[in-house]
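Following: one structure in structure tokens, then a few remarks.
The values are calculated or read from the model by the stated rules, or taken from the named source; none is laboratory data. This structure is a prediction, so every number in the text was calculated from the model and none was measured. Heads up, the Cβs are rebuilt from the backbone with ideal geometry, glycines too, and the neighbour counts pull from every protein chain shown.
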Amino acid sequence: MIRVLILQHAEGEWIGSMHDWFTDPCRRHDFVLNTVRLNRGATLPDVDSFDWLLPMGGPMSVNNETDYPWLVAEKTFIRQAIENDKTILGICLGGQLIAAAAGAEVYRNTTTEIGWWPVIKTDHAVTWLPEIMSPLSWHGDCFRLPAGAIPFAYSAVTPCQGFRLGQRIWALQFHLEAAPGTIDAFLAFEPDGLPHGKAVQTSDQLRNDTEFLPQSRQAMHQLLEALYEPAHVD
């Protein structure tokens, strides 16, 4: 049994299309999922209580420890998970938390990136990601590379859209887990409307371009399969 710990930071920022993969009849008995709601004051469990760690997204900055003091404990927790050789997959804020926990800088990007923007693969050993695809991006911060990390993709405004540490630790800036309902959930984080910027689509564009969801779901499932298969483990 593989114990999966999900670190959720906001309403509507759960595992999305990953849930279909974990509950597929072919493997649903292999996984047990446990979600910790850090935004609701939950405490972190012992690092020995899980095998896979999924830190998910959220509207807060990884550097805003004043308003979100639990970020300090979470970064320490992720660092312990890295040191204990856990399988870790972080999405957006979760990917930035992995970077910070591994000693890399998370900084404000030159522009906010929100929309179904092309992401170009740079590491051709990464088989689950197409050469170019348009997943959902929704972030203002981005990360530099931790020591030993290998970048695998970029976009027009984000120099590093993701990196890996070995084969079991992956940090993604983009929301490969996006599913029906994700756009409306994320728009709820923008009560004053979307920010202006050259890389920010309108709410109508965001809702109408969900044609990219099937490709995102396929890539997400292929990444999970790569983490699951023993042949892909160091």
Those residues of the stretch 46-70 which are under 25 Å from Cys142 (Cα atoms), in contact with a strand residue (DSSP E or B) (Cβ under 7 Å, 6 or more places away or on another chain), in a loop (DSSP other than H, G, I, E, B) and not β-branched (Val, Ile, Thr) amount to Met56, Gly57, Ser61, Asn63
Exactly one of Thr76, Thr43, Thr35 is in a strand (DSSP E or B) and surrounded by fewer than 18 Cβ atoms within 10 Å (Cβ to Cβ), and that one is Thr35
Exactly one of Asn84, Asn109, Asn63 is closer than 30 Å to Asp30 by Cβ, of a type in the set (S, T, N, Q) and touching a residue at least 12 places away in the same chain (Cβ under 8 Å), and that one is Asn84
Scanning the stretch 176-203 residue by residue, those touching a residue at least 12 places away in the same chain (Cβ under 8 Å), part of a loop (DSSP other than H, G, I, E, B) and among the β-branched types (Val, Ile, Thr) turn out to be none
The residue that is nearest to Phe186 (Cα to Cα), considering only those in the stretch 93-107 that are surrounded by fewer than 24 Cβ atoms within 10 Å (Cβ to Cβ) and in contact with a strand residue (DSSP E or B) (Cβ under 6 Å, 6 or more places away or on another chain), is Val106
Given the conditions (1) surrounded by 21 or more Cβ atoms within 10 Å (Cβ to Cβ); (2) farther than 26 Å from Ala226 by Cα; (3) among the acidic types (Asp, Glu), every one holds for Glu65 apart from (1)
Met60 vs (1) closer than 17 Å to Pro146 by Cβ; (2) within 17 Å of the chain's Cα centre (by Cα); (3) surrounded by fewer than 19 Cβ atoms within 10 Å (Cβ to Cβ): all pass except (1)
Within the stretch 108-151, residues among the hydroxyl-bearing types (Ser, Thr, Tyr) and closer than 24 Å to Leu187 by Cβ come out as Thr110, Thr111, Thr112, Ser134, Ser137
Subset of the stretch 120-143, residues within 25 Å of Glu105 (Cα to Cα) and charged (D, E, K, R), comes to Lys121, Asp123, Asp141
With the condition kept exactly as written, say whether any residue in the stretch 181-196 is in contact with a strand residue (DSSP E or B) (Cβ under 7 Å, 6 or more places away or on another chain), surrounded by fewer than 19 Cβ atoms within 10 Å (Cβ to Cβ) and modelled with pLDDT under 95. yes
Of the candidates Pro159, Pro135, the one satisfying the condition of being under 19 Å from Leu93 (Cα atoms) and either basic (Lys, Arg) or within 16 Å of the chain's Cα centre (by Cα) (or both) is Pro135
Inside the stretch 80-132, the number of residues satisfying the requirement of being among the acidic types (Asp, Glu) and either closer than 19 Å to His9 by Cβ or part of a strand (DSSP E or B) (or both) is 1
Note on the stretch 204-234: residues in contact with a Phe, Trp or Tyr (Cβ under 7 Å, 6 or more places away or on another chain) and not in a helix (DSSP H, G or I) are Asp209
What about Trp117, is it at pLDDT 95 or above, more than 14 Å from the chain's Cα centre (by Cα), over 23 Å from Trp52 (Cβ atoms) and among the aromatic types (Phe, Trp, Tyr)? yes
Residue count, the stretch 38-57, condition modelled with pLDDT under 95 and either within 29 Å of Arg108 (Cβ to Cβ) or hydrophobic (A, V, I, L, M, F, W, C) (or both), comes to 5
Flagged in the stretch 5-31 as buried (at least 21 other Cβ atoms within 10 Å of the Cβ), of a type outside the set (A, V, I, L, M, F, W, C) and in a loop (DSSP other than H, G, I, E, B), in numbering order, are His9, Glu13, Gly16, Ser17
